[in-house]
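Novice: Okay, here's the structure, questions in a sec.
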Amino acid sequence: MKQIISITDQDITGSTALSTTAPRIAVNAVLYDNDGNIALCCFTKFDVHSLPGGGVEGDENLQAALKREILEETGYNCNILAEIGYVHENRGEQDFTQNRYYYLAQITGQQNKPQLTDDEIANGTIIKWLPPEEALQIITNHRPTTLQQEYMKRRDIAILKESPTLCKKLINRSK
């Protein structure tokens with residue numbers, strides 16, 4: 001899978017510190033519904049929006065982890081349509097690295113009840129379905145108050161800008 005962007009503290013704070021820890025592996029999706037809207041996780045406690053997904057557990061492969069995360073967060077099963085790319089993060093000041101792998105996916109079947117974690121519930125996590133342009137605008141206009149929010153914003157913008165033609169082409173073909 002191709003790297004879309006690498007983000008370091010230097011890009012955000014100017015710090016040249018780099019982490020040497022092994023990267024955490026995570027997966028996310030540009031997840032479409034049947035009306036062409038995409039899912040955004042909204043963490044209402046912080047007024048932050050992000051593409052759905054999360055960490056890979058144990059021996060899971062990337063696609064199995066993505067399907068599990070999508071089901072947990074949205075209540076939907078999904079078909080994975082294509083790889084978009086990955087984002088490498090190196091947060092030197094927090095001694096943390098991460099590789100996030102992004103896929104284009106579409107919901108399937110009926111919605112079940114989301115299975116949110118205690119942290120997701122405490123953060124007021126809800127799913128919003130928005131046209132891709134509106135989702136990008138919401139993320140772009142957000143004013144981060146933490147370093148983590150800035151990383152989230154930069155990676156989601158990079159992914160949403162990377163894939164509009166791919167997304168439209170594959171979604172139209174799958175209808």
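A short reminder: the numbers here are calculations on the coordinates, not readings from a lab. The structure displayed is predicted, hence computed values, not measured ones. A quick note on method: Cβ atoms are made from the backbone with ideal geometry, for glycine too, and the neighbour counts reach across all protein chains shown.
Novice: Could you give the nm distance between label points at residue 147 and residue 88, where each point is 7 Å from its Cα heading toward the beta carbon?
Specialist: The answer from the label model is 1.9 nm.
Novice: Same structure again: Net charge within 14 Å of residue 45 by Cβ-Cβ distance, Lys/Arg positive one each and Asp/Glu negative one each, not counting residue 45 itself?
Specialist: Numbers: positive: none; negative: 47, 118, 119, 120.
It works out to a net charge of -4.
Novice: Right, here's the next one. For residue 3 and residue 112 in the same chain, what is the full-extension length gain: residue separation times 0.36 nm, less their Cα-Cα distance, in nm? The partial results should precede the final answer.
Specialist: Values: separation 109, 0.36 × 109 = 39.24 nm, distance 3.31 nm.
Gain on stretching residue 3 to residue 112: 35.9 nm.
Novice: Taking 0.36 nm per residue of sequence separation and subtracting the Cα-Cα distance, how much length would be gained by fully extending the chain between residue 129 and residue 34, in nm to one decimal?
Specialist: Numbers: separation 95, 0.36 × 95 = 34.20 nm, distance 1.06 nm.
Extra length from residue 129 to residue 34 when fully extended: 33.1 nm.
Novice: For the chain, modelled as a GNM with alpha-carbon contacts under 10 angstrom, which of 73, 162, 89 fluctuates the most?
Specialist: Taking springs between Cα atoms under 10 Å, the residue moving most is 162.
Novice: Then there is this: Compute log10 of I(q)/I(0) for the chain with the Debye formula, placing one identical point scatterer on every Cα and leaving out solvent, at q = 0.12, 0.16 Å⁻¹, to two decimals.
Specialist: Here log10 of I(q) over I(0) equals -0.53, -0.96.
Novice: Next question. With the contact rule set at Cα under 8 Å and sequence spacing of 6 or more, what percent relative contact order holds for the chain? Present the calculation step by step, with values, prior to reporting the outcome.
Specialist: On the way: 345 pairs, mean separation 54.0, N = 175.
Rounded, it is 31 percent for the chain.
Novice: Pop the C-beta distance of residue 20 and residue 46 into the FRET formula with R0 = 25 Å and round what comes out to the nearest 0.05.
Specialist: 0.30
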